[in-house]
Amino acid sequence: MALEIDHRQTQSRDAKIAIIGAGVSGIAAAKQLSTHNPVVFEASDSIGGVWRSCAYRSTKLQSPRTDYEFSDFPWHDRDNASFPSNIEILDYLESYAKHFDLIKYVRFNCKVVELRFLGQSSEKKGEYGQLLTGKPMWEVAVQTIDSTNIERHTFEFVVMCLGKYGDIPKLPEFPINRGPEVFKGQVLHSLDYSKLDHHASTQLLQGKKVAVIGYKKSAIDMAVECAEANQGADGQPCTMVIRTLHWTVPHYQVWGLPFFLFYSTRISQFLHRRPNQGRLRTAFSPLMSPMRRGVSKIIESYLRWKLPYEKHGLAPDHPFEEDYASCQMAILPDNFFEEADKGMIRFKKASKWWFTEDGIEFDDNTKLEADVVLLATGYDGKKKVKDVLPEPFRCLVDPPTGVMPLYRGTIHPLIPNMAFVGYLESVSNLHTAELRSIWLSRLADNMFKLPSVEKMLEQTAKELEVSKSSTRFYKRYCISTYSINHSDEICEEMGWKAWRKSSWLEEAFSPYTSRDYEDNN
């Protein structure tokens, strides 16, 4: 379906809240904060965020659609367990925005270029419980796409929904005369590749020697598209250059059992460490370690049996649970290993590499000829925030720990009257964004108050400690192994019941989804 968008909206005089970004997190925040008549600044001409700007034609959701839906707006076809495409997701998001009349809050083609802190508005300096009293605290500088003029608006509260992915590519650093400038072929980051239509991407890849740098979801999708474009006698194989191997899964079944039984029920999450778990749980935590490893081994044994890891040298040297705890479990396209078995996708493991005139050279003195190099090297989400935040807040986004401390995954204790939605990862980032937006709306309505700065920092430190003990990739800020407990604490703070199921049996063995948080019963 196509969404008709009126681009003539103007800011309401009584708007107190600014939302930056109209991706999944931005529209979730706009819906929950709609009683405050927010203004949503979106740099592009449409909603959807990374689903519109960073998706390929083969990109699909990493979880079934019923795990990726708003609590009050189910998919039309909820029984379809297949993974929806990016086009289907965009249709769903646009239907949601149209149903709840959210487009009227959005100012399209308006890029926020700077924020300026105007001063503390609370009656008592340092107290952030009353968020929407007093004079405006933040000045938001906005540039429209068709003008060089800067508009400046003042708001009492700013919600950052810029996201961690898209917009700013993270590019490798190279020694002098060993970067892309010496390469005679083409170099594209996945962000640039996502802007190509089917014809252009096929023309780029067909009959070319292609190297894909990376081994996460974007790299896997591009490698498959490269293999599909090179079918036939004149086709050339694609080579994936891999620094760190990660576990990949073909579907959400393990030895015939649904995957949620292993990590996404209350009883399964009881095996894992969590913040604020109490003395008894802390004492028993070491005893749970063999069971956690056992669950990980069961899944690893299935994946080694189901997928040709050993044949292609793709078995990671770390446990599966570390990838799950850092939200790095990628769902494979159906034909990924089929193309690998045909020799159309090859693999090269290397810790260091650099460009030559004809391709790539590795630290083991081997070389790879290439016509096209695709960089699936990720995005710099922190830079997006740092580019608009003023000092002294800018340095708080990238602390020495590598993880921005966000209370309830939303509030930075040291940045007043500002929230961050979409920076915390879980099994379903849509559900994560919606629940925290609900929490934020009640905070804005003064239905509860934040703890002291010290208490909030103490809570974020506990979460960081749990993440460090769960995975070496803890800097991704993922709560998948204790997401239910995290939601419990949010519910309790809002005055909701933490246990949301109708019976103890469902509480123990049923997965939690956004539908469980549809109301506050």
Practice prompt. Report, by residue number, each residue of segment 191-203 that is in a helix (DSSP H, G or I), open to solvent by less than 70 Å² (accessible area, probe 1.4 Å) and within 16 Å of ALA229 (Cβ to Cβ).
Written response: TYR193, ALA200, SER201, THR202
Item to complete: Output the residues belonging to segment 237-265 that are in contact with a strand residue (DSSP E or B) (Cβ under 7 Å, 6 or more places away or on another chain) and part of a loop (DSSP other than H, G, I, E, B).
Response: PRO237, HIS246, TYR252, PHE259
Worksheet item: Do you know which residues across segment 68-83 are under 27 Å from ILE20 (Cβ atoms) and touching a helix residue (DSSP H, G or I) at 6+ places or on another chain (Cβ under 8 Å)?
Response: TYR68, GLU69, PHE70, SER71, PHE73
Worksheet item: Being surrounded by 13 or more Cβ atoms within 10 Å (Cβ to Cβ) and over 30 Å from THR366 (Cβ atoms), is that true of even one residue in segment 304-313?
Response: yes
Item to complete: Determine whether segment 208-216 contains at least one residue that is modelled with pLDDT under 95 and assigned to a helix (DSSP H, G or I).
Response: no
Worksheet entry | Residue list for segment 335-382, restricted to those being open to solvent by less than 50 Å² (accessible area, probe 1.4 Å), more than 22 Å from TYR193 (Cα to Cα) and of a type in the set (Asp, Glu) | GLU361
Worksheet item: Consider ASN109 against the criteria (1) open to solvent by 60 Å² or more (accessible area, probe 1.4 Å); (2) more than 23 Å from ASN417 (Cβ to Cβ); (3) modelled with pLDDT of 80 or more: it satisfies all of them except one. Which criterion is unmet?
Response: (1)
Item to complete: Output yes when any residue across segment 273-282 is modelled with pLDDT of 95 or more, among the charged types (D, E, K, R) and buried (at least 17 other Cβ atoms within 10 Å of the Cβ), and no when none is.
Response: no
Practice prompt. Could you check MET240 against (1) open to solvent by 60 Å² or more (accessible area, probe 1.4 Å); (2) within 25 Å of the chain's Cα centre (by Cα) and say which number it fails?
Written response: (1)
Item to complete: Output the residue which, of all residues in segment 217-236 that are out of contact with any strand residue (DSSP E or B) (no Cβ under 8 Å at 6 or more places or on another chain) and either polar (S, T, N, Q) or not in a helix (DSSP H, G or I) (or both), is most open to solvent (accessible area, probe 1.4 Å).
Response: ASP234
Worksheet, complete the sentence: The strands (runs of 3 or more DSSP E) lying wholly within segment 267-376 that contain at least 2 residues that are farther than 30 Å from SER469 by Cα and touching a His at 6+ places or on another chain (Cβ under 9 Å) are 345-349, 372-375
Discussion item. Among the numbered criteria (1) in contact (Cβ under 8 Å) with a residue 40 or more places away in the chain; (2) among the small types (Gly, Ala, Ser); (3) surrounded by fewer than 18 Cβ atoms within 10 Å (Cβ to Cβ), which one does ALA325 miss?
Written reply: (3)
Worksheet, complete the sentence: Just one listed residue, out of LEU171, LEU132, is modelled with pLDDT under 95, aliphatic (A, V, I, L, M), open to solvent by 50 Å² or more (accessible area, probe 1.4 Å) and part of a loop (DSSP other than H, G, I, E, B), and it is LEU171
Worksheet item: When segment 68-89 is examined, which residues are found to be of a type outside the set (Ser, Thr, Tyr) and touching a Leu at 6+ places or on another chain (Cβ under 9 Å)?
Response: GLU69, PHE70, PHE83, PRO84, ASN86, GLU88, ILE89
Item to complete: Determine if segment 386-406 includes at least one residue that is small (Gly, Ala, Ser) and buried (at least 17 other Cβ atoms within 10 Å of the Cβ).
Response: no
Worksheet entry | segment 139-160, residues that are among the aliphatic types (A, V, I, L, M) and farther than 14 Å from ARG116 by Cβ | ILE145, VAL159, MET160
Discussion item. Looking only at segment 310-331, count every residue that is of a type in the set (A, V, I, L, M, F, W, C) and over 19 Å from the mean Cα position of the chain (by Cα) and tell me the total.
Written reply: 3
Discussion item. Every residue in segment 449-471 that is touching a helix residue (DSSP H, G or I) at 6+ places or on another chain (Cβ under 6 Å) and surrounded by fewer than 21 Cβ atoms within 10 Å (Cβ to Cβ), please.
Written reply: LYS468
Discussion item. Looking at GLU463, GLU507, GLU492 in this structure, which one is free of Cβ contacts under 8 Å to residues at least 24 places away in the same chain and part of a helix (DSSP H, G or I)?
Written reply: GLU492
Discussion item. When you check SER63 against the structure, is it under 23 Å from THR513 (Cα atoms), open to solvent by less than 10 Å² (accessible area, probe 1.4 Å) and not in a helix (DSSP H, G or I), yes or no?
Written reply: yes
Worksheet entry | Meets criteria (surrounded by fewer than 23 Cβ atoms within 10 Å (Cβ to Cβ), farther than 17 Å from VAL403 by Cα and of a type in the set (Ser, Thr, Tyr)) for SER483 | no
Worksheet item: Being surrounded by fewer than 23 Cβ atoms within 10 Å (Cβ to Cβ), more than 25 Å from ASP516 (Cβ to Cβ) and at pLDDT 90 or above, is that true of even one residue in segment 50-58?
Response: no
Response to the item:
Among MET329, MET418, MET344, the single one that is of a type outside the set (Asp, Glu) and under 30 Å from ASP234 (Cβ atoms) is MET344
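The values are calculated or read from the model by the stated rules, or taken from the named source; none is laboratory data. All values reported here derive from a predicted model rather than from experimental measurement. FYI the Cβ positions are ideal-geometry reconstructions off the backbone, even for glycines, and counts take in every protein chain you see. Ligands, DNA and RNA are stripped out before the accessible areas are found, and what is left, the full protein with its side chains, is counted by its heavy atoms. Shrake-Rupley method; radii C 1.70, N 1.55, O 1.52, S 1.80 Å.
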